[in-house]
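See structure below.
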Amino acid sequence: MTQKAFVPYKIKSIEPITLLSREEREKAITKAGLNLFKLRSEQVYIDLLTDSGTGAMSAKQWSAVMIGDESYAGSSSFFKLESVIHDLMGLQYIVPVHQGRAAEHVLDHVLVSKGKIIPGNTHFDTTKAHIEFRGGRAVDCTIEEGRNPTANHPFKGNIDLELLKQAVEKYGRENVAYVLLTITCNSGGGQPVSMANIKEVSKYCRKENLRLFFDAARFAENAYFIQQREESFKNTPIKKIVKEMFSYVDGCTMSAKKDAIVPIGGFLAVRDEQLYEDLKPNEILFEGFYTYGGMSGMDMENMAQGLTEVTDENYLAYRVGQVKDLGENLDACGIPVVKPIGGHAVFIDGRSFYPKVPEDQFPAQMVCVELYKYGGVRTVEVGSSLAGRDPDTGKNLRPAMDLCRLAIPRRVYTGEHLDYVADIIKEAHLETCNRTKGLAFEKESKGIRHFDSTFKYL
Ligand code: F0G
């Protein structure tokens, strides 16, 4: 047995949670149209909807909030944030924004137009939506193993270089707006990208004169996997790994709500001065002046502190270890989970959880609904409902995997909370896995449809 990582913090402040009765939960989820986004937070006992903006702040972050400088222009908090990002990632020009999708908005407004493609590794839903909103298309070039829930590969987020080359050839080099590597790859199961893959993709992009960006929301967790799984990095400090990762790209979009452990915030960072100059007018139009862009001084000060804490090796060992423990506990009891276990979340394979339910009847969404009913646990579907329709044909897309995601907020839940979650999943599986019918839309909403659609049992 490998030794468990120690818990590198203790609890200073608590927030009460309660568990409604089964009857109350049934009522609540029915009223919510079987859509967990429509529940009120007080109706939820353990909230694993997302790891975004839900982390617990440290005492040092709370202190940082107090010294936030709220000057409209030239805020000292901006310069502190800029210097932290520069030291960590080596990227010169920083465009602060209010969250990750705002970074996508500002960037795509400059780089994406009708007919352009953005090859990458299973783009996140807002990323894909912003690309399509500008008339572009996301092209998925993830390696084969990354589309298979049981394939064992240490870096299932990797890009298949051959697929990338084929996409560039098919659409023409001049139609590639940029190449995007999402680290870790959220929609693919929280799976990391190896340094070797980052390097080979970067080499190819530089040769072809293509821009390469990271969607860096979970960059520190990705760096931790590189340290743990890539032999030549096993003795390299996380900060050094992060610096090297970013040395291969032209910039990044960042949702700071994940690996900067803040409730709100984000940024775009680029190396190219001309691109930065081109981004500025959009930043001012959409987000705000370029030394605050959608964030308060408090937010920026908080984020600067969060970014320094997230690369702490003891923190990362415990964080990623906690997610792994939950996943392995479930796996040992025969619950079908995506393997290896991802960095921020455990993903249950809905199609295997309900093998008799037809794929177009949203099995993963039904897993989410049952886990709430069984134990007040809130999760999210990352599957057929989220995937939506093909923007060109209007047909329902059939994603490679139909998953129920249990995203673990950073520094929030204890092992006891997660043991409870595992028990609930086992019970729900035992009692419902033989179902033959799933769900159908009651109302299919427009846009990213999993937020607002409602469902009914068939
Ligand atoms: N990129 C990735 C990989 C993400 O996971 C997210 C958000 C975004 C971009 C957008 O960032 O929310 O700050 O605008 N993911 C959240 C989630 C919502 O639950 O996984 P945002």
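Read-outs: derived from the displayed coordinates by stated rules, not from any lab. All figures in this text were calculated on a predicted structure; none of them were measured in a lab. Cβ placement follows ideal geometry from the backbone for every residue including glycine, while neighbour counts extend to all protein chains displayed.
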Exercise. Give the relative contact order (percent, whole number) for segment 59-309; include only Cα pairs under 8 Å separated by 6+ residues.
Key: 32 percent
Quiz prompt | Value at 222 nm in deg cm²/dmol, rounded to 500, when DSSP H runs of n ≥ 4 in the chain each add -39,500 (n - 2.57) | solution = -12000 deg cm²/dmol
Quiz prompt | Rounded to whole Å, sorted largest first: equivalent-ellipsoid semi-axes of the chain, Cα gyration tensor | solution = 33, 26, 22
Quiz item: Percent relative contact order of the chain, based on C-alpha pairs within less than 8 angstrom and at least six residues apart?
Solution: 23 percent
Practice problem: Return MET66, MET401 ranked ascending by Cβ neighbour count within 10 Å, so the fewest neighbours appear first. | Solution: MET66, MET401
Self-check item: Residues of type aspartates and glutamates that LYS240 reaches as a straight line, Cα spacing below 20 Å, ignoring anything fewer than 8 places off in the same chain
Solution: GLU82, ASP87, GLU200, ASP215, GLU221, GLU230, GLU231, ASP250, ASP259, GLU309, ASP312, GLU313
Self-check item: Antiparallel bridge percentage (DSSP; both residues within the chain; nearest 5)
Solution: 65 percent
Practice problem: Pull up the DSSP beta bridges for segment 59-309 and report the antiparallel fraction as a percent, rounded to 5. | Solution: 50 percent
Quiz item: Relative to the present Cα-Cα distance, how much length would full extension add between GLU24 and LYS114 at 0.36 nm per residue of separation?
Solution: 27.5 nm
Quiz item: Nearest 10 degrees, 0 to 90: what angle lies between the long axis of helix 238-247 and the longest principal axis of the chain (Cα atoms)?
Solution: 60 degrees
Quiz item: If you take the square roots of the eigenvalues of the alpha-carbon gyration tensor of segment 59-309 and sort them as a ≥ b ≥ c, do you get rounded (a/c under 1.5), prolate (a/b over b/c) or oblate?
Solution: oblate
Quiz item: Relative to the first principal axis of the alpha-carbon coordinates of the chain, what is the inclination of helix 415-432, with its axis defined by its Cα atoms, in degrees from 0 to 90 and to the nearest 10?
Solution: 50 degrees
Practice problem: Would you mind checking the pairs LYS203/LYS239; LYS257/LYS437; LYS203/LYS395 and listing those with alpha carbons more than 26 angstrom apart? | Solution: LYS257/LYS437; LYS203/LYS395
Practice problem: Arrange the following residues from fewest to most other Cβ atoms within 10 Å of their Cβ: THR182, THR54. | Solution: THR54, THR182
Self-check item: Gap separating the Cα centres of segment 1-67 and segment 327-343, nearest whole Å
Solution: 21 Å
Quiz prompt | Backbone N under 14 Å from the ARG206 label point (7 Å along Cα→Cβ), restricted to segment 160-191 | solution = none
Quiz item: Hey, what D do you get for segment 10-99 in µm²/s if you plug the Kirkwood alpha-carbon radius into Stokes-Einstein at 37 °C and 0.692 mPa s?
Solution: 191 µm²/s
Quiz item: Taking only Cα atoms, what is the 0 to 90° angle, nearest 10, from helix 297-309's long axis to the longest principal axis of the chain?
Solution: 80 degrees
Practice problem: Would you list, by chain and number, the aspartates and glutamates whose Cα falls below 15 Å from the Cα of LYS443, excluding same-chain residues fewer than 8 positions away? | Solution: ASP452
Quiz item: Can you sort HIS450, HIS109, HIS86 so the residue with the fewest Cβ neighbours within 10 Å comes first?
Solution: HIS86, HIS109, HIS450
Practice problem: Compute the length gained on full extension between ALA151 and ALA440: take 0.36 nm times their separation in residues and subtract their Cα-Cα distance, giving the result in nm to one decimal. | Solution: 101.1 nm
